[in-house]
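Please read the structure below before turning to the comments.
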């Protein structure tokens, strides 16, 4: 009974944070801290990875691409999952901030997917002998990129906010399958060139983590990309909230 | 200071260059749009209060 009451109290507090006015308040205080942390982690991780890590025995200096490719792919996939959650909350609770978070996520996710695809193709040419192959993971990642584009286009194509939010939310729910597929395709499709997760290396019998020499800057770079995503997401959501208020005021002006 | 990238210098530098362009464009457009909308909203609020 007490636990249910406590959970319900936390749930209420969570929704209180999603109130537009409250959101603008706490996000303005949090944003500078996240920007500083993102700049620190990103610059340290990338400078460390590019300048101060050795070449890999098999990949040579192309191993340095890992510090861009892996964090960008991580954010691209999890960004779509966030869009899924935001859209779900919109469809269930008609919560405006949640759908605006989903809307603000889309351009960031699209850019991260583009970086993952570009850096992957550039790495693939010397390592696989080709820029592109219709491998399950690469293909599902490309489809994820198309879903991001479709989501953005659909938002801009529909005038009415609630209708646009409904339709884009449904698209986000459908596309979520591809986000999961792009993450787990290598596990259940044995064919394809793309290796499994980069942080652990598997020889089929044993799994071991990649060497600390590469892992430590990679971890910083991943943290930097996640924090950059968070900073851009807060900026984007704040912009969307302001744009919504602006539209309301302009409509009111037109009616007077 | 520049590390020796061997035979893969073009690949590594183009990966970092293209990623910087995409990230730079994303950050620039986010900040500029935020500033524009903020200004337009401030103007609209001022008109409403006037």
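The values are calculated or read from the model by the stated rules, or taken from the named source; none is laboratory data. Fair warning: this is a prediction, and the values are worked out from it, not measured in the lab. Glycine also receives a Cβ, built like all others from the backbone with ideal geometry; neighbour counts cover every protein chain displayed.
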Criterion (surrounded by 15 or more Cβ atoms within 10 Å (Cβ to Cβ), at the interface with another protein chain (Cβ under 9 Å from one of its Cβ atoms) and within 15 Å of residue A:119 (Cβ to Cβ)) met by exactly one of B:44, B:15 = B:15
Go through the range A:43-62 and count every residue that is touching a residue at least 60 places away in the same chain (Cβ under 8 Å), facing chain B (nearest Cβ under 9 Å) and assigned to a helix (DSSP H, G or I).
-> 2
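Restrict the check to the range B:32-50 and report whether at least one residue is in a loop (DSSP other than H, G, I, E, B) and more than 30 Å from residue A:53 (Cα to Cα).
Checked against the condition, which is being in a loop (DSSP other than H, G, I, E, B) and more than 30 Å from residue A:53 (Cα to Cα), the range B:32-50 yields at least one hit.
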Which is away from chain B (no Cβ under 14 Å), outside any loop (DSSP other than H, G, I, E, B), modelled with pLDDT of 95 or more and farther than 24 Å from residue B:2 by Cα, of A:82, A:100, A:31?
-> A:82
In the set B:4, B:49, which member is more than 7 Å from chain A (Cβ to nearest Cβ), within 24 Å of residue A:124 (Cβ to Cβ), at pLDDT below 95 and out of contact with any strand residue (DSSP E or B) (no Cβ under 9 Å at 6 or more places or on another chain)?
-> B:4
Answer from A:202, A:140 - the residue that is at pLDDT below 95 and surrounded by 17 or more Cβ atoms within 10 Å (Cβ to Cβ) | A:140
Going by the conditions given, is residue A:183 at pLDDT 65 or above and in contact with a strand residue (DSSP E or B) (Cβ under 6 Å, 6 or more places away or on another chain)?
-> no
